[in-house]
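These notes are about the structure you will find just below.
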Amino acid sequence: YDMKERQKVQIYGRALAEDLTLQCLRYMYRILFMLFIEAKPELGYAPMKAQTYESGYSFESLREICEQAEGDGEIDEDGNFLKNSLDKLFSLVYTGFPTDTEVSQKDSGSLQGVFAIDPLKAHIFDPERTALIEKAHLRNSKLMQIINLMSLSRGGKGQRRGRISYSNLGVNQLGAVYEALLSYRGFFAEEDLYE
């Protein structure tokens with residue numbers, strides 16, 4: 001949508017569809033990783049006990065915003081607050097925090113109560129590997145839909161949607177989700193299609 005409407009890029013061809021598919025899957029893996037790692041504090045990676053991280057940067061805080069805003073119009077649907085927040089979170093994971101510059105400021109006493117995240121220089125968080133998404137203006141309405149689909153159960157007749165717990169997810173289950181996502185193949189439809 002963004003490429004067509006805002007960037008005015010022609011979207012066609014198998015190569016672009018495959019590249020976009022791969023980048024979207026990588027973006028979904030990032031979200032899945034954050035859901036998993038924040039739900040497992042015993043792994044010691046996500047600083048969920050640090051109030052600044054938990055309320056200001058964590059994926060968990062975005063889940064709560066999306067759950068509360070679903071259907072109440074509190075979030076500007078065409079804005080990109082959620083994308084900007086995810087960009088910041090993914091950057092913190094990829095580059096680590098504090099950075100070398102911020103460490104030298106901390107040593108001089110200017111940073112108080114700062115959380116720490118070791119850099120994770122993995123392909124999954126490399127912004128160059130999601131270049132199309134990095135420059136896209138992903139709308140809040142779509143990211144809220146994605147976050148809620150990954151955060152809340154479907155619910156049945158007469159049942160409320162419940163929060164999905166990633167803390168009980170095992171490595172085998174995580175691998176199965178990863179493999180299931182690998183089966184997706186995107187393409188540009190030349191006519192309206194219905195599933």
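The values are calculated or read from the model by the stated rules, or taken from the named source; none is laboratory data. Quick caveat, the model's predicted, so the values are computed rather than measured. Backbone-built Cβ (ideal geometry, glycine too); neighbour counts: all protein chains shown. Note: areas computed on protein heavy atoms with side chains; ligands, DNA, RNA excluded. Shrake-Rupley method; radii C 1.70, N 1.55, O 1.52, S 1.80 Å.
Quick notes on this one:
- Count - residues of region 176-185 that are open to solvent by 50 Å² or more (accessible area, probe 1.4 Å), in contact (Cβ under 8 Å) with a residue 60 or more places away in the chain and within 26 Å of Glu42 (Cβ to Cβ): 2
- Residues located in region 47-68, provided they are buried (at least 16 other Cβ atoms within 10 Å of the Cβ) and either in contact with a strand residue (DSSP E or B) (Cβ under 6 Å, 6 or more places away or on another chain) or of a type in the set (Asp, Glu) (or both): Glu54, Glu60
- The set of residues in region 143-175 being in contact with a helix residue (DSSP H, G or I) (Cβ under 9 Å, 6 or more places away or on another chain) and either among the charged types (D, E, K, R) or open to solvent by 50 Å² or more (accessible area, probe 1.4 Å) (or both) consists of Gln145, Ile146, Arg161, Arg163, Ile164, Ser165, Asn168.
- Test: residue in region 72-90 that is in contact with a strand residue (DSSP E or B) (Cβ under 8 Å, 6 or more places away or on another chain) and either within 21 Å of Asp2 (Cα to Cα) or outside any loop (DSSP other than H, G, I, E, B) (or both): no
- Residues of region 4-16 that are under 24 Å from His123 (Cα atoms), surrounded by fewer than 16 Cβ atoms within 10 Å (Cβ to Cβ) and touching a residue at least 40 places away in the same chain (Cβ under 8 Å): Arg14 alone.
The rows are residues; the columns are (1) more than 27 Å from Lys135 (Cβ to Cβ); (2) surrounded by 14 or more Cβ atoms within 10 Å (Cβ to Cβ); (3) at pLDDT below 60.
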position: Asn80; (1), (2), (3): no, yes, no
position: Asn84; (1), (2), (3): no, no, no
position: Lys88; (1), (2), (3): no, no, no
position: Gly109; (1), (2), (3): yes, no, yes
position: Gln112; (1), (2), (3): yes, no, yes
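- Considered as a group, the residues in region 29-88 that are of a type in the set (Val, Ile, Thr) and free of Cβ contacts under 8 Å to residues at least 60 places away in the same chain include one that is nearest to Leu174 (Cα to Cα), and that residue is Ile37.
- Looking only at residues in region 137-164 that are more than 14 Å from the chain's Cα centre (by Cα) and of a type in the set (A, V, I, L, M), the one that is modelled with the lowest pLDDT is Leu152.
- Those residues of region 29-46 which are in a helix (DSSP H, G or I) and buried (at least 16 other Cβ atoms within 10 Å of the Cβ), in sequence order: Tyr29, Arg30, Ile31, Leu32, Phe33, Met34, Leu35, Phe36, Ile37, Glu38, Ala39
- Condition check for Glu191: free of Cβ contacts under 8 Å to residues at least 24 places away in the same chain, open to solvent by 30 Å² or more (accessible area, probe 1.4 Å) and part of a helix (DSSP H, G or I): no
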